[in-house]
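Heads up, the thing below is written out as structure tokens.
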Amino acid sequence: MNPGADEPRARGARDAPGTAPGPVPSPRRSDQDGTAARRPAGTPAAGAHARRHRLPSVTALVLVGALCAVGLAFLAARFAGMVRVFSAEAVTALVLALATLAFGFWVLCRIRPVRDPAAGPSLTALAWGLAAATAAGVVANEGLLSVWAKSLGLDFAGSWGPALTAPLNEEVLKLAGVVLVAVAFPHALRGPVDGFVFGSLTGLGFEVTENFIYAMNAVVQAGGTSGVVAVVQSTIVRVFLAGLGSHWAMSAVAGAAVGLLAAAGWRPGRRRAAGAGLLVGLAVALHWLVDAPAPGGMGGLLSKVAVVFLTTMVVYFAFRRTYRRRVRGALASEGGTLGMRRSEATALATRHGRRRELVRVAAPQRPAALRRQEQMLAVAEDRAARYAP
Amino acid sequence: MAETAAEEPRARRRGPRSDWVPLGAAAAAVALLVTAWPLLNALLPGSDSVSSGSPVPVGSAGAYEASLTFPQEGWVLDTGASQAGRTYRFSRGPVELTLNKVTPVTDPPPDALELWEGMRRLIRAGEASARLGEPEAIATRDGHEGLTGILESRTQRGAAVVYPSPDGRMAVEMTLAGRDATTADLAAVADVVRSVSFTREGG
């Protein structure tokens, strides 16, 4: 493709790489909030394309909002008694949960290559995991666990019930949230890298609420004695020992599948559909491994966490590598039309590279330079998402 | 699993699928999971009769395993509301016996009075109107000591009992009550709360 063939060119870009004065072509909106269409603005199909997305997008947002509200009300009613009586324990659990949430959100936004995900879809994914998916998970898990206990016996269900229940229910419920984010913000979730990030954020939200629930359950398990100790112990195990291989990781793997499907306009070919199916199956299998009764003990827990984390990293780096290559290619061709050297243009593909380029610009020109960097990145990411560097 | 550009012509030829399809699929999946399992659970029978005189293991921790032996016939276990090794719900007519195995997290472990106080708070968390009376000493048929007291709430009246295991690493807590249970119903099975045993594992 001839980059920017339908776009005006910026001139005089040699002074500071990636910070050329004058207008940088901005055929597409630089925001990722889902309001922009996937096609270049100004093309005849852009309006129709945006209209095609608008109603499902609004519907998905309303659905997410409504289910999060219902989920939150359900969880509040469910734990109101515990919070009322064990308020010190609940506050401790909440503070630890919020710290986990803040740190996890920061890290998972940073793992997106090139630049952070947009705030709107990120917070939507997080909210789905925090409230809607967790509340639905409580209902679905209780129902299925009881089914196993009644049909397979109490002892078998006690050992294998979680492994036969949570992977199926929870992975599907979290995945549904990633799909809703993809529909609500079609411009933000356009490939497996985006799916991975929004999946991980959905999983993080789920994990944080589940940590709170487990902390309250730990108080019950301890017989209501030394509740704060029980809460802290539960959090240490779930965050510091098992955190690397928990919900964020499994949902990231499944979320990448949503990205694969969304990138194909939800009409995948056989190979892509098989790839998406494999990713979802892998996420379910990893969850099953975590919940399986064997191997047990501390060694078993740590080995399971290692398997989940390493598998997730393999998936992440595979998609990250492809995506960064595409973005660098798009930046190179975009920079070429602006008279930039290839190395200067491709440096914009990383946060560090952009900062380095900005430092070289005189302070008064930095805001404008920053804006132009963002515009170039928006164009490059748009092309990378459409596989047309 | 790399994205294949070769597939793109297919999507371009047929055009993208409507966003309503994934939206509907996601909504349907959520609706299915939160309705199908509870419905299936409600349709399945979930009561196992428990024979009298046979010990029912109810959990282990530390060096001991706890069990419960029913002195009367007619008790049934609600399997759907029970969790192996943690929570058991039995019933006999209008009388309900809920047994929880708890495992304290501190060393040294809490004594019986601290466990009673913990149970008092847990019961209040479960039902705001529920109150435990002052505890009195009780002993199992094996002579193992614990505490018991009256359980009262807006909907029911009965008894609560707690027995710490000999090494204190776990405790068995029970409530014997029932919304429709009369004093006579409760009196007829009152000795069930004394039928807890702690057996040293491997011993």
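The values are calculated or read from the model by the stated rules, or taken from the named source; none is laboratory data. All values reported here derive from a predicted model rather than from experimental measurement. Cβ placement follows ideal geometry from the backbone for every residue including glycine, while neighbour counts extend to all protein chains displayed. Remember, those area values only see protein heavy atoms, side chains included, never the ligands or the DNA or RNA. Shrake-Rupley method; radii C 1.70, N 1.55, O 1.52, S 1.80 Å.
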- Query: What helices in chain A pass both tests, a Cα length along the helix axis of 20 Å or more and a mean Kyte hydropathy of -0.5 or higher, using whole DSSP H runs?
  - Reply: A:44-85, A:87-110, A:133-152, A:154-184, A:192-221, A:247-263, A:270-291, A:297-337
- Message: How large are Rg and Dmax for the stretch A:37-175 when calculated on the C-alpha trace, in angstrom?
- Response: 20.0, 65
- Item | Largest-first ordering by accessible area, 1.4 Å probe, given options A:LYS174, B:LYS101 | B:LYS101, A:LYS174
- Can you give the angle from 0 to 90° between the axis of helix B:20-43 and the longest principal axis of chain B, with both taken from C-alpha atoms, to the nearest 10? 30 degrees
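Over the Cα atoms of the stretch B:48-190, compute the convex hull volume and normalise it per residue, giving Å³. Present the calculation step by step, with values, prior to reporting the outcome.
Working: hull volume 15.8 nm³, N = 143.
Cα convex hull per residue, to the nearest whole number: 110 Å³.
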- Note on the structure: Taking only the alpha-carbon positions of the stretch A:273-380 as identical scatterers, the Debye log10 I(q)/I(0) at q = 0.11, 0.15 Å⁻¹ comes out as -0.58, -0.74
- Largest first, how would A:TYR316, A:TYR214, B:TYR163 line up by accessible area (1.4 Å probe)? A:TYR214, A:TYR316, B:TYR163
- Note on the structure: hull vol. (C-alpha, convex hull) per residue for the stretch A:254-308, Å³ -> 66 Å³
- Taking only protein heavy atoms and a 1.4 Å probe, the highest-to-lowest accessible-area order of B:TRP75, A:TRP288 is A:TRP288, B:TRP75
- Item | Accessible surface buried once A binds B (1.4 Å probe; total of both sides; Å²) | 5200 Å²
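Mind checking the alpha-carbon convex hull of the stretch B:53-128 and giving the volume per residue in Å³? It would help to have the intermediate numbers written out before the result.
Numbers: hull volume 9.5 nm³, N = 76.
Taking only Cα atoms, the stretch B:53-128 has a hull volume of 125 Å³ per residue.
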- Using label points projected 7 Å from each Cα along Cα→Cβ, tell me how many nm separate B:GLU73 and A:ARG110, to one decimal. 7.0 nm
- Stokes-Einstein D (µm²/s) once Rh is taken as the Kirkwood radius of the stretch A:192-277 over alpha-carbon pairs, at 20 °C in 1.002 mPa s: 149 µm²/s
- Note on the structure: Using the Kirkwood radius over Cα pairs of the protein assembly as shown, the Stokes-Einstein translational diffusion coefficient at 37 °C and 0.692 mPa s, in µm²/s and rounded to a whole number, is 123 µm²/s
- For chain A, the per residue accessible area (1.4 Å probe, Å²) is 39 Å²
- Message: With unit charges on the beta carbons (Lys and Arg positive, Asp and Glu negative) and the dipole taken about the Cα centre of the stretch A:107-225, which residue among A:GLY195, A:ALA131, A:ALA176 sits farthest to the positive side?
- Response: A:GLY195
- Restricting to lysines and to Cα separations under 29 Å from A:LYS174, and discarding same-chain partners fewer than 8 apart, the set is A:LYS150, A:LYS304
- Task: Can you send over the solvent-accessible area of B:THR103, 1.4 Å probe, protein chains only, in Å² to the nearest 10?
- Result: 40 Å²
- Probe 1.4 Å, all protein chains in place: accessible area of A:ILE213 in Å², nearest 10? 20 Å²
